[in-house]
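Here is the structure we will look at.
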Amino acid sequence: MSAFGNWKIGSRLTLGFGLMIIIAIGMAVAAYFKLSHIEAAVARLSGDQLLKVEQLSEIKDNLNVVARGVRNILLLTDASGRKSELERIEKMRARNTELLDALARGDLDDEGHKLLGAVKSTLSPYDAAMNKAIALAQGDEAAKATRTLIDEVRPLQAAYFKAVDQLVTTQGRKMRDAVASVRGAADSGRLTMAVLAALAAMFGVVLALGIERSVIEPIKRAVAVAHTVAAGDLSVSIEVNSRDEAGELLQSLKDMVGALSRLVAQVRQSSDGIATGSSEIATGSADLSQRTEEQAANLEQTAASMDELTAGLRASSETAQQADALAERGVAAARRGGEAVAELVATMGQISESSRKVADIIGVIDGIAFQTNILALNAAVEAARAGEQGRGFAVVATEVRNLAQRSAAAAREIKSLIQGSLERVDAGAKQTDAARHEVTATVEEVQAIGQLVRQITGAITEQSQGVGQVDAAIGQLDEVTQQNAALVEQSSAAAASLSEHAAQLARLVQTFRLAEGARA
């Protein structure tokens, strides 16, 4: 396989299409230059040769116009008509001079310049003879003017036309040569394009066949290998001669066949081991089935004993629950008594606080009465100083003082009574607080008893639940044991079926044909 065969398929296709694109670009460039050459030739033909022919044709037309103008001057008798014809003649002559100068400035070869010189050499005698005829016609010498036209102007005009016709013939020949050159360039361009197209087609066919051979052949070999492997022949030999995608495919098939060969060899060995193991499993399953039946019988006896224990614990749990209910009611009653004593203590505290507030108020009233007494005494002293005028005020001050003294005495009595009541309230509060402490202690003891009863009830309940769980576990164990017995029977049947499948697997594996190195 050449180095080209180791290229990637994408690289080959890129190379092929790239070369075809380069050829197409070459064809386009060649066509462009050919068309440019043709365009230049056509431009010369249309812009130079044709223009010269048109200019020469216009010179001949202008000469005819001048001849008709001279004739009209001979025929016309009015001065204005003759003047108009004369102006037209001068205009045509000036135009011919411009055209001849343009031809002289144009791209003429030696022959063209020679013929143009001949045209100019015949122009001067022709113009002189024409001027003579025009002068005679304007002088009303028609006979002489006619004779001049016939004898002098006509031969010179014929020579002038002949020189112009020769130049026209030469330019026409050059136009035909230019057209032939354009046609030759077009034919050459078509031939060049045809040759390039043929070369491109040949190169494309060769390149396509080369790419097809380098791509399709390895793929065909890969397909043949796949069919051989599908038929069970793993001894096929695969040669990889390239590093492209097809070579990678063949290498992958080679690796796959090797892996399948090793796998089939291992499966053959494993199938023999499975057959031996399945027979041993069947024997062990029979022994396990017998032991499982014995274990199921023992579990049935244990389950009966656990049922009796569960019934006894259930009765103890019910009794403990009743005791717990009684303890709860006792705790509730003690708690209500404690709450009542607490409310009584709170009420005594409120009464004591109210008594203290009343005592404080009485103290304030006593202070006010004392100050009022002092003020009344001061008022009486001031009234005594005022004499007769302050006597009425003194009487009022005396009454106020007496009222203040009575208020102070009453306040002291009330204060004394309240202090006695406060002392008795404090004593009652202390006794009530002591009773509250006793009731609280009683409630705590009752709660402790209730807690102990609940703990006993909880322990019995937990024991009952534990025994129930054990009973359930034994039942589940018995059920599992029964299931195990069924599974053992299924295992025995499965072992027999496994032995049959192992034999069938060995027969199926024998259908694969391995190479000599893979059989070990």
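The values are calculated or read from the model by the stated rules, or taken from the named source; none is laboratory data. The structure presented is a predicted model; accordingly, all values stated were derived computationally and were not measured. For neighbour counting, all protein chains shown are included, and Cβ atoms are generated from backbone atoms with ideal geometry for every residue, glycine included.
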List the number of the failed condition for residue 82; all other conditions in (1) surrounded by fewer than 13 Cβ atoms within 10 Å (Cβ to Cβ); (2) more than 22 Å from residue 166 (Cα to Cα) hold.
(1)
Any pair with Cβ under 9 angstrom, 6 or more apart, that starts in the range 73-100 at a residue that is closer than 22 Å to residue 117 by Cα and ends at one that is among the acidic types (Asp, Glu):
92/61; 93/127; 95/58; 96/58; 99/58
If you go through the range 425-456 one residue at a time, how many are modelled with pLDDT of 70 or more and under 24 Å from residue 321 (Cβ atoms)?
8
Does residue 158 count as exposed (fewer than 14 other Cβ atoms within 10 Å of the Cβ) and under 30 Å from residue 24 (Cα atoms)?
no
Considering only residues that are without any contact (Cβ under 8 Å) to a residue 24 or more places away in the chain and crowded, with 16+ Cβ neighbours inside 10 Å, look in the range 125-155 and name the one that is farthest from residue 64 (Cα to Cα).
136
Does any residue of the range 390-401 turn out to be farther than 30 Å from residue 340 by Cα, of a type outside the set (D, E, K, R) and touching a residue at least 24 places away in the same chain (Cβ under 8 Å)?
yes
Taking the condition at pLDDT 70 or above and in a helix (DSSP H, G or I), does residue 392 pass?
yes
Test set (1) over 22 Å from residue 58 (Cα atoms); (2) among the aliphatic types (A, V, I, L, M); (3) not in a helix (DSSP H, G or I) - residue 182 fails condition number:
(3)
Say whether the condition of being touching a Ser or Thr at 6+ places or on another chain (Cβ under 6 Å) and in the same structural domain as residue 163 (by TED's automatic domain parsing) is met by at least one residue in the range 124-135.
yes
Looking only at residues that are of a type outside the set (D, E, K, R) and exposed (fewer than 14 other Cβ atoms within 10 Å of the Cβ) in the range 174-190, which one is nearest to the chain's Cα centre (by Cα)?
188
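For the range 191-218, which residues satisfy the criterion of being aliphatic (A, V, I, L, M) and surrounded by 14 or more Cβ atoms within 10 Å (Cβ to Cβ)? Step through it out loud before you land on a result.
So in the range 191-218, the residues aliphatic (A, V, I, L, M) come out as 191, 193-202, 205-209, 211, 215-216.
Listed by number, the residues that qualify are 193, 196, 200, 207, 211, 215.
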Pairs returned, first residue in the range 185-206 that is assigned by TED's automatic domain parsing to the domain that holds residue 32 and in a helix (DSSP H, G or I), second residue that is basic (Lys, Arg) and surrounded by 15 or more Cβ atoms within 10 Å (Cβ to Cβ), beta-carbon separation under 7 angstrom, 6 or more apart or interchain, are 185/34; 188/34; 189/34; 192/34
